[in-house]
Structures are given as structure tokens and as C-alpha cells.
1. Looking at region 144-164, can you tell me whether even one residue there is open to solvent by less than 40 Å² (accessible area, probe 1.4 Å), part of a strand (DSSP E or B) and either closer than 20 Å to L19 by Cβ or free of Cβ contacts under 8 Å to residues at least 12 places away in the same chain (or both)?
2. Which members of region 74-98 meet the condition of being touching a Ser or Thr at 6+ places or on another chain (Cβ under 6 Å), modelled with pLDDT under 95 and open to solvent by less than 10 Å² (accessible area, probe 1.4 Å)?
3. It is to be established whether one or more residues within region 41-58 are at pLDDT below 95, of a type outside the set (G, A, S) and out of contact with any strand residue (DSSP E or B) (no Cβ under 8 Å at 6 or more places or on another chain).
4. Count, please, the residues in region 20-36 that happen to be within 15 Å of the chain's Cα centre (by Cα) and not in a strand (DSSP E or B).
Amino acid sequence: NKTAFKGGLDGAGYKISNLKITGTADYIGLFGYCDGATLKNIQLKNANISSSTYKYIGGLVGYATGTTSQTILRCSVEGKITGSGDYIGGLCGCVKNVAIQECYTNINITASTSDSLNVGGLVGYHQGKIQNCFSMGNVQGNTRVGGILGNYGGYSSGSIVNSYSVAKVTGKSY
């Protein structure tokens, strides 16, 4: 569903455990699509998200867009994501003009088709700022696969600062 969440949510450090989502369309995550939303202190434990042949899949957000003042702050996702589409990330599938700060993932991602692209332990496709973040787990995809991100868009200014990944990454190209 591409109806955007535009507000803010402070999870206050509470945990959401055993979230299970089986996607049947694009924009899959706790929040499928966010436009200008600010999300902070949200923790997902033992998440299990799956989708086939769809795009924009993330544990927290499938697709996030906004202005540079919008943030995803101190959020985490632990669990697994299985998909065969594009733009798959442990935290967010696709991010444009949103700052991601002090977030982490401990995620096992399996993007299973020969054409899955932009698969990342933290973010699948990114335009914006990532700061003080890390990822762990396993990330498996086809093209443009990475521990932190699958692909940097490069169409707007962006950066990755003080961030790292110790995820095992498997891909065929890029």
C-alpha cells in the first residue's frame, strides 16, 4: 500500500517481538511507506518478513522519503527477511533524503532470484545520510549487495559516517 505515514513515532525503547509480515505487494515493512515521517527508538526482535517478486522491503520501512530534516533514529531490527524483488534492506528497503542515525540490524536477508538488486544489511538503496550505524548477520542477493547498503543513489548529496558492517555478504555482481 502506498498510502504514506507522515507523522512521527517514538517507540520509547519498547520492543516489538515476533513481527511476521508476508507481503503481497510493494512497500513492505512495519511501515510500508513513509513520507516526511520521523521514527525513533523502535526495536523489532525476531522479525520474519517475506515477499516474492515485489520491491521496497525492509524490517522497519519499505520506502522512506522526506527532507534532510527527517530522521530514523536509534531503531533496530533483528530477524530475517526473505524476498525475490528489488530494494531489500534490514532496516529500510529504499531511503531518499532521510537521515539514519544510531541504528543497527542483526539480520539474515535472502534475496533469492537472479534479478534481485539493491540488497543491503541496513538499507537496500540509499540517498541521504547514514551516521553511527552498524549491521550484522548474513546478506545474500544478486546484484548491488552490501553489508550496510546495496546501492548508493548518488543523485543527491549523501554520506556514510562512523558506520560499519560485520555481515557476511554474498552476491554475484557489484
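The values are calculated or read from the model by the stated rules, or taken from the named source; none is laboratory data. No experiment lies behind these values; they were computed from the predicted model shown. Please note: Cβ atoms are built from the backbone with ideal geometry, for glycine as well, and neighbour counts cover all protein chains shown. With ligands, DNA and RNA removed, areas are computed over all heavy atoms of the protein, side chains included. Shrake-Rupley method; radii C 1.70, N 1.55, O 1.52, S 1.80 Å.
1. no
2. Once the filter is applied, which keeps residues that are touching a Ser or Thr at 6+ places or on another chain (Cβ under 6 Å), modelled with pLDDT under 95 and open to solvent by less than 10 Å² (accessible area, probe 1.4 Å), region 74-98 yields G83, G85.
3. yes
4. Selection size over region 20-36: 4.
Results for (1) surrounded by fewer than 21 Cβ atoms within 10 Å (Cβ to Cβ); (2) touching a helix residue (DSSP H, G or I) at 6+ places or on another chain (Cβ under 9 Å); (3) under 20 Å from G128 (Cα atoms), shown as yes or no for each residue.
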| site | (1), (2), (3) |
| --- | --- |
| K2 | yes, no, no |
| Y14 | yes, no, no |
| N18 | yes, no, no |
| Y27 | no, no, yes |
| Y33 | no, no, yes |
| L39 | no, no, yes |
| S51 | no, no, no |
| G62 | no, no, yes |
| T71 | no, no, yes |
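Here's the yes/no breakdown for (1) in a loop (DSSP other than H, G, I, E, B); (2) of a type in the set (V, I, T); (3) out of contact with any helix residue (DSSP H, G or I) (no Cβ under 6 Å at 6 or more places or on another chain):
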{"site": "L44", "(1), (2), (3)": "no, no, yes"}
{"site": "A47", "(1), (2), (3)": "no, no, yes"}
{"site": "K55", "(1), (2), (3)": "yes, no, yes"}
{"site": "V77", "(1), (2), (3)": "no, yes, yes"}
{"site": "T82", "(1), (2), (3)": "no, yes, yes"}
{"site": "D86", "(1), (2), (3)": "yes, no, yes"}
{"site": "G93", "(1), (2), (3)": "no, no, yes"}
{"site": "K96", "(1), (2), (3)": "no, no, yes"}
{"site": "I109", "(1), (2), (3)": "no, yes, yes"}
